[in-house]
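To start, the structure itself, in structure tokens.
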Amino acid sequence: MNRNSFLHSYLPVFLLTAISLITLTGCQAASDNLINESKQEDSMSNEDIQSSTNSSKEEKGRTFTAEIVRVVDGDTVKIKMPNGNEETVRLLLVDTPETVHPSKPVQPFGPEASKFTKDLMPEGSKVEVETGIGERDKYGRLLAYFYVDGKMVNKLLLEKGLARVAYVYAPNTKYLDELEDMQKQAQKEEIGIWSIENYATSKGFDDSKSREESEKKTTVNSSCNNPEIKGNINSRGNKIYHIPSGQYYDITKPEEMFCTEQDAQEAGFRKSQS
């Protein structure tokens, strides 16, 4: 076969094979690119999901510094926001006895809770505010945790026996365990609201106890003009007396007043450990 005949017979075959190889190589590369892109998209998707999950676990409300305008009662405060607007704030996860309710009498330890909050946050003072998730209750009040000198006011009210853990609604349960621990300790020590048997309940404060408390007469030892030592009988029947420098003196409702510690001890009272 001469050269011209050879080229005429086999050239189309060579060209077809070459074109096929080029096409296959291009398709494989495109396929590899698609696989790689798909893997990258899957990887990014997993990262996005993980990021979203972490964000959900760490969800927090806003934090800012505010100025105290007025303490309404133990768990409700008016503040001036950073933008100058005034807001009413309800402390999250705590409930103090009433002092200004339009249809309820002043309840035992309500005035003490209000005074405690006022002393912690006097008018014009600055506080750190951490709002809850969702921020507002059905009355339009901000829901928040307050901090004074790094200490949470919500916790301090529970620690002093001036509030109960209440109004627990998800997702505002961030500090619930810590607050419940504070309450359990106050219950154990039977201080404040926990010194009156069956007064603080899961549904609120028993108003009948408020009437009993207002009708209760304090026995005063008359051996001096100004007895200052408070004798209190707790729900277990333990007789405990508190001196003015004691930690729980201000929040103790006395059944008896004494001039000296000896008078209290002779009456069967023992000194408070705090």
| said: If the requirement is being surrounded by 16 or more Cβ atoms within 10 Å (Cβ to Cβ) and in contact with an Asp or Glu (Cβ under 7 Å, 6 or more places away or on another chain), which of these qualifies: 132, 74, 110? | reply: 110
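Does at least one position in segment 233-240 carry a residue that is surrounded by 15 or more Cβ atoms within 10 Å (Cβ to Cβ) and in contact with a His (Cβ under 8 Å, 6 or more places away or on another chain)?
Looking for residues that are surrounded by 15 or more Cβ atoms within 10 Å (Cβ to Cβ) and in contact with a His (Cβ under 8 Å, 6 or more places away or on another chain), one finds none in segment 233-240, hence no.
Filter segment 92-107 down to the residues that are touching a Gly at 6+ places or on another chain (Cβ under 8 Å) and either surrounded by fewer than 22 Cβ atoms within 10 Å (Cβ to Cβ) or not β-branched (Val, Ile, Thr) (or both), then identify the one that is nearest to residue 170 (Cα to Cα).
92
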| Single residue of segment 145-177 satisfying the filter (free of Cβ contacts under 8 Å to residues at least 60 places away in the same chain and of a type in the set (Lys, Arg)) that is surrounded by the fewest Cβ atoms within 10 Å (Cβ to Cβ) | 151
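No value in this document is a laboratory result; all are computed from the given coordinates. Model, not experiment: these values are computed from the prediction. All Cβ positions, glycine included, derive from the backbone under ideal geometry; neighbour counts span all protein chains shown.
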